[in-house]
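Just so it is clear, none of the values below were taken in a lab; they were calculated from the coordinates. Here the structure is a predicted model, which is why all the values come from computation and not from measurement. Every residue, glycine among them, receives a Cβ derived from its backbone with ideal geometry; neighbour counts consider all protein chains shown.
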There are 4 protein chains.
Amino acid sequence: MSNVLVLYESNNRGYTQKMAEFVAEGVSGVPGVRVRLLSNDQAQTKDLYWADGLALGSPTNLGGISWRMKKWWDERSFDTWGELDGKLACTFSSSGAWGGGSEHACQALTTLLMNFGMLVFGVTDYVAPKMSPHYGAVCAGEPRSDAEKEMCRRLGLRLAEWCAVYVAGQPGAHPKLAAYDRSIKHS
Amino acid sequence: MSNVLVLYESNNRGYTQKMAEFVAEGVSGVPGVRVRLLSNDQAQTKDLYWADGLALGSPTNLGGISWRMKKWWDERSFDTWGELDGKLACTFSSSGAWGGGSEHACQALTTLLMNFGMLVFGVTDYVAPKMSPHYGAVCAGEPRSDAEKEMCRRLGLRLAEWCAVYVAGQPGAHPKLAAYDRSIKHS
Amino acid sequence: MSNVLVLYESNNRGYTQKMAEFVAEGVSGVPGVRVRLLSNDQAQTKDLYWADGLALGSPTNLGGISWRMKKWWDERSFDTWGELDGKLACTFSSSGAWGGGSEHACQALTTLLMNFGMLVFGVTDYVAPKMSPHYGAVCAGEPRSDAEKEMCRRLGLRLAEWCAVYVAGQPGAHPKLAAYDRSIKHS
Amino acid sequence: MSNVLVLYESNNRGYTQKMAEFVAEGVSGVPGVRVRLLSNDQAQTKDLYWADGLALGSPTNLGGISWRMKKWWDERSFDTWGELDGKLACTFSSSGAWGGGSEHACQALTTLLMNFGMLVFGVTDYVAPKMSPHYGAVCAGEPRSDAEKEMCRRLGLRLAEWCAVYVAGQPGAHPKLAAYDRSIKHS
């Protein structure tokens with residue numbers, strides 16, 4: 001068994017929350033992985049300790065992490081820093097536009113997670129032509145299309161797979177052995 | 001008068017070249033700005049010195065600059081480094097997918113240009129709902145849709161505008177005074 | 001004449017504030033440039049409008065912008081976004097260690113400034129052997145050594161020079177014509 | 001048992017090679033981990049397949065990856081891409097100066113490794129006051145001081161520890177159980 005926390009900060013539009021729900025849905029695709037879906041208002045330090053894997057999401061605000069999510073981590077850093085080393089982690093973000101900074105926000109989240117000593121990854125798979133969560137799952141606005149939803153699910157699935165392989169000791173969960181199509185290429 | 005160089009490296013698919021052509025088209029939207037459109041095989045050091053403004057493009061290769069474009073700069077750096085300070089610059093890149101690293105590649109190009117002391121910018125405008133070259137113009141594959149083409153043109157236009165305002169001394173060219181619609185918002 | 005705002009968020013240690021003071025000192029090296037040195041508690045939206053050039057500093061918190069500085073911008077973005085295009089800007093940050101993320105924090109600040117349409121730059125000069133504010137001025141802890149102080153001053157000086165050249169129309173202020181030594185190389 | 005590849009590109013100064021040697025030395029601190037130390041001229045695709053963990057180093061050239069190291073990966077990407085998912089990886093780089101882009105180069109290497117689906121990490125430990133490989137090991141010039149050498153060794157040690165914990169199934173190798181001092185803080 002292993003534990004996954006999907007932690008998100010969602011502005012009043014709720015786009016990042018919707019991404020988080022699809023990420024959590026993807027996590028559930030691997031048997032034996034427990035998932036908690038929590039916003040920054042709900043999550044507590046103990047949830048970080050509980051988790052083997054973490055998917056961290058923020059709206060893209062000015063090309064970076066929302067100040068609320070940043071505050072959540074800044075204020076917890078004195079207690080938890082040095083205690084989270086080695087957890088597996090990934091990121092997701094919704095921006096106002098393609099080209100609008102969602103990759104930058106995922107990168108800022110990646111930097112934050114690396115600061116805590118976590119092992120951070122993206123997903124190589126194309127989930128549709130010209131759509132891939134290479135460095136985290138990204139959306140422009142709300143995840144509406146099947147491809148956008150699948151980008152989020154695939155990120156969660158991959159997180160659950162790495163937790164199964166590396167934490168729960170199930171090498172058969174490796175995505176290279178996966179039954180689903182990982183290779184939809186751009187047209 | 002001012003001078004703009006649109007410099008691109010295009011893989012065999014030619015997507016970045018097509019972006020470059022639209023960028024150059026956008027530059028032409030400002031009277032009195034001369035433009036040169038050159039690939040890394042054509043451009044020479046003298047073109048860098050000639051330019052007041054530079055739009056630099058590369059295919060997104062593994063989330064970064066193509067080695068051919070990087071080589072072009074690495075090999076010229078001994079001669080030109082310290083001589084290009086203060087030029088105005090921006091970036092563009094085509095990746096295989098949305099979420100596939102085009103923002104990361106633009107960022108890597110931005111870092112390179114800042115290394116040379118240039119002043120680097122993105123474009124605040126939305127060119128269509130959910131499309132904006134905030135940190136450089138980005139495409140997934142070839143620029144085909146009107147929005148993708150306009151993203152490239154707008155980047156070139158903005159570069160020409162800044163060259164007009166700051167190099168040629170034409171404050172009336174400032175985009176805040178522009179007649180075109182800068183405010184198409186995401187739906 | 002031109003106007004420069006040095007805006008900083010300083011944690012209780014005050015390291016970023018000290019960097020900001022040296023940056024402001026550097027700005028004063030160019031005659032005819034007015035400077036305001038303000039913290040996030042002091043600065044108001046009108047200071048942004050007033051400024052032609054902006055030096056923006058934050059402590060490096062978890063490899064990024066402090067939540068307080070991020071909040072300052074996030075909350076002002078609805079009013080000021082689209083109104084600050086074309087201002088000249090640069091960044092500075094103090095982290096707990098070399099290798100501790102000060103370049104990442106400057107990059108996050110750069111991304112934020114590009115989001116607002118500003119033209120962002122670093123400084124090519126070496127201010128001492130193995131010390132250069134290539135992508136913004138960086139320190140580990142407090143700026144104590146002459147080199148660390150000079151890194152901050154040079155950043156401010158360069159900002160004032162670009163404001164003189166591009167805003168006040170004084171081409172003679174270009175750093176390539178500068179009397180000071182720009183070329184101290186790493187040993 | 002697990003396998004670690006230390007792969008580096010070293011310019012004619014050889015600074016990155018020296019870093020690589022210290023990284024490899026650090027890897028050897030964990031019993032049962034095999035290490036290969038190879039330059040881009042020596043390493044082959046089979047070395048990538050062989051490795052469970054990878055430390056990737058490049059000189060900082062213009063704030064990014066050297067074109068030679070980028071070429072090595074760009075040219076291998078067609079064969080190896082999609083085959084390296086889940087490997088554990090970290091980065092190191094030597095720049096000409098503090099503030100000169102070594103963190104940016106490590107970030108560019110991180111982006112490349114994430115593109116291949118690897119799990120990338122930094123090291124939380126301070127190895128001396130004001131010295132830490134938070135996002136990869138960084139040097140200005142050659143690693144000469146004890147702190148600079150230890151930064152490289154600690155990175156290699158951490159890579160070997162994660163390989164022991166996650167690949168070889170040795171939870172006792174986790175750094176939180178380590179006997180060495182992980183907590184030297186900045187003064």
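Descriptive notes on the structure:
- Filter on A:K18/B:K149; B:K46/B:K71; B:K87/C:K130 - keep pairs with C-alpha separation over 21 Å: A:K18/B:K149; B:K87/C:K130
- Overall dimensions of region C:60-148 as given by Cα atoms, namely Rg and Dmax in Å: 13.9, 43
- Here chain D is treated with +1 on each Lys and Arg Cβ and -1 on each Asp and Glu Cβ, and its dipole about the Cα centre works out to around 280 debye.
- Simple Cβ-charge dipole of the protein assembly as shown, Lys/Arg +1 and Asp/Glu -1, about Cα centre, in debye nearest 20: 0
- Fraction of beta bridges assigned by DSSP in region C:1-64 that are antiparallel (%, nearest 5): 10
- Top of C:G100, C:G57, C:G156 by mean-square fluctuation, Gaussian network on chain C, Cα under 10 Å: C:G100
- Cα centroid of region C:1-17 to Cα centroid of region D:120-143, whole Å: 27
- Of all aspartates and glutamates in the structure, those lying under 17 Å Cα to Cα from A:K176, and not within fewer than 8 positions of it along the same chain, are A:D125, A:E161, D:D52, D:D79, D:E83, D:D85.
- Distances between copies at A:E75, taken between label points 7 Å from Cα along the C-beta direction, are 1.4, 5.4, 5.5 nm in increasing order.
- Rounded to 5, the percent of DSSP beta bridges in the protein assembly as shown classed as antiparallel: 10
- Total formal charge among the other residues, if their Cβ is under 13 angstrom from that of B:K149, Lys/Arg +1 and Asp/Glu -1: -2
- In terms of other Cβ atoms within 10 Å, C:R158, B:R76, C:R68 run from fewest to most in the order B:R76, C:R68, C:R158.
- Charge context of C:W50, other residues only, Cβ under 15 angstrom, K/R +1, D/E -1: +1
- Gyration tensor (Cα) of the protein assembly as shown, equivalent ellipsoid semi-axes in angstrom: 37, 28, 25
- Sorted by Cβ neighbour density within 10 Å, fewest at the top, the residues B:Y15, B:Y8: B:Y15, B:Y8
- Average beta carbon contacts from partner chains per residue of C:38-51, 10 Å cutoff: 0
- Around D:T111: net Lys/Arg minus Asp/Glu count, Cβ-Cβ under 13 Å: -2
- Residue order, fewest to most beta carbons within 10 Å, for A:H104, D:H174: D:H174, A:H104
- Antiparallel beta bridges, as assigned by DSSP with both residues in chain D, represent about 5 percent of the total such bridges.
- Remark: chain C is approximated by an ellipsoid whose semi-axes, taken from the C-alpha gyration tensor as √(5λ), come to 23, 21, 13 Å, largest first.
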